[in-house]
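Here's the structure, in C-alpha cells; my notes come after.
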Amino acid sequence: MAKTNKNVLGDQRGKIGKVVGRVVEGEQMYSSAPGPRGSEGTAKQKEHRARFSAITRMGKPLKGAIKIGMKVSASKKHLQSPFNLFVNRNLQHTTYNAETGLATPDYEAIILSEGDIPFVTFAEPTFTEPQTVTITFNGNNDCPGAMEEDIIYGVAYCPDLVQSAMGTAVRSAETLTITVPKTWVGKTIHIWGFAKTSVTRVIEIENYGMVLVPDACSVSAYVGSGAVS
C-alpha cells in the first residue's frame, strides 16, 4: 500500500486502473485492486472468505462492545479500527467446513476486548429470571490497578437472530444482569465479560511497572452459554 499527503488532482477514491484510491485521516492511500470475485479462487481463498464472512457477520451486532473493548489496542495500530482489529484477532477462531464452504465461530475462543488491566473471574451465567441473564464475578479488587469503580461489561450474543445485548456493573458489585428481548426466549445465547478502567488520566502504579490509561480494558473472557427463559 502506498500513500501521499497531497494530490494535484484532489482526493481520489475508488478504482483507478489497477489500483484503488481512498482517503484515510486526510491521507491519500492506494492499494492494489482486488481480483474478480465469484466461484474462482483457490481452496485457501475460499476458506479465508468463509472465515471472514462468519466473523464480520457476528461482529456487526457486537460493534458497541467491540468499540469499547478494542479501542485502546486499535489506537496503537496505524489506521486500524476496533472492528478491523476484532476481525483480525478472530479469523482463526472459526471452524471451516470444506464440504459446505461455510465457517462457524468458535464462541469460547472469540475475543471481544484486550488489554492489561486486572481481569475479572466470572462464574457460570444463570437464566432463571425471565428475559434476564445474571452473572456473578470475583472483581479481584486486591489486584494492583483494580479500582472499585471499574466498569464490568457482560455481553450476550444470539446467533440465531444475529443480535446482541449488554449489561454493566461496577467491579465492587460482583454481579451484573443483562436484559434481553422477548424474541430471545428459548434461544441459545453466548456470554462474554471484560473490565474497563475507571481512571480518567494516566496513572502509574509504582512498584508494579504498571501504567493505567483512560479507556483501557482487560482481556475478555467467555462466560458461558444457555437458553433464555
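The values are calculated or read from the model by the stated rules, or taken from the named source; none is laboratory data. As the structure is a computational prediction, the values presented were derived from the model and not from experiment. Ideal geometry is used to build each Cβ from the backbone, glycine not excepted, and the neighbour counts take in all protein chains shown.
Taking the stretch 92-120 as the range and being β-branched (Val, Ile, Thr) and in contact (Cβ under 8 Å) with a residue 24 or more places away in the chain as the test, the residues that pass are THR94, THR104, ILE110, ILE111, ILE117, VAL120.
In the condition set (1) under 23 Å from LYS67 (Cα atoms); (2) of a type in the set (S, T, N, Q); (3) loosely packed, with under 15 Cβ neighbours inside 10 Å, ASN141 is compliant with all but (1). The C-beta contact set for the stretch 205-219 (first residue farther than 10 Å from PRO144 by Cβ, second residue modelled with pLDDT of 95 or more and of a type in the set (Asp, Glu), distance under 6 angstrom, 6+ apart or interchain) comprises VAL219/GLU114.
Whenever a residue of the stretch 74-90 is assigned by TED's automatic domain parsing to the domain that holds LYS63, its partners that are among the basic types (Lys, Arg), lying with C-beta atoms within less than 8 angstrom and at least six residues away or across chains, give the pairs PRO82/LYS67; PRO82/LYS71; PHE83/LYS63; PHE83/LYS67; LEU85/LYS77. For the stretch 157-165, indicate whether the set of residues that are over 17 Å from LYS196 (Cα atoms), outside the structural domain of ALA54 (by TED's automatic domain parsing), in contact (Cβ under 8 Å) with a residue 60 or more places away in the chain and exposed (fewer than 14 other Cβ atoms within 10 Å of the Cβ) is non-empty. Yes, that holds for at least one residue.
Note on the stretch 181-225: residues that are part of a loop (DSSP other than H, G, I, E, B) and of a type in the set (D, E, K, R) amount to 4.
Taking the stretch 107-138 as the range and being within 16 Å of GLU174 (Cβ to Cβ) and either surrounded by fewer than 19 Cβ atoms within 10 Å (Cβ to Cβ) or under 15 Å from the mean Cα position of the chain (by Cα) (or both) as the test, the residues that pass are THR121, ALA123, GLU124, THR126, THR134, THR136, ASN138.
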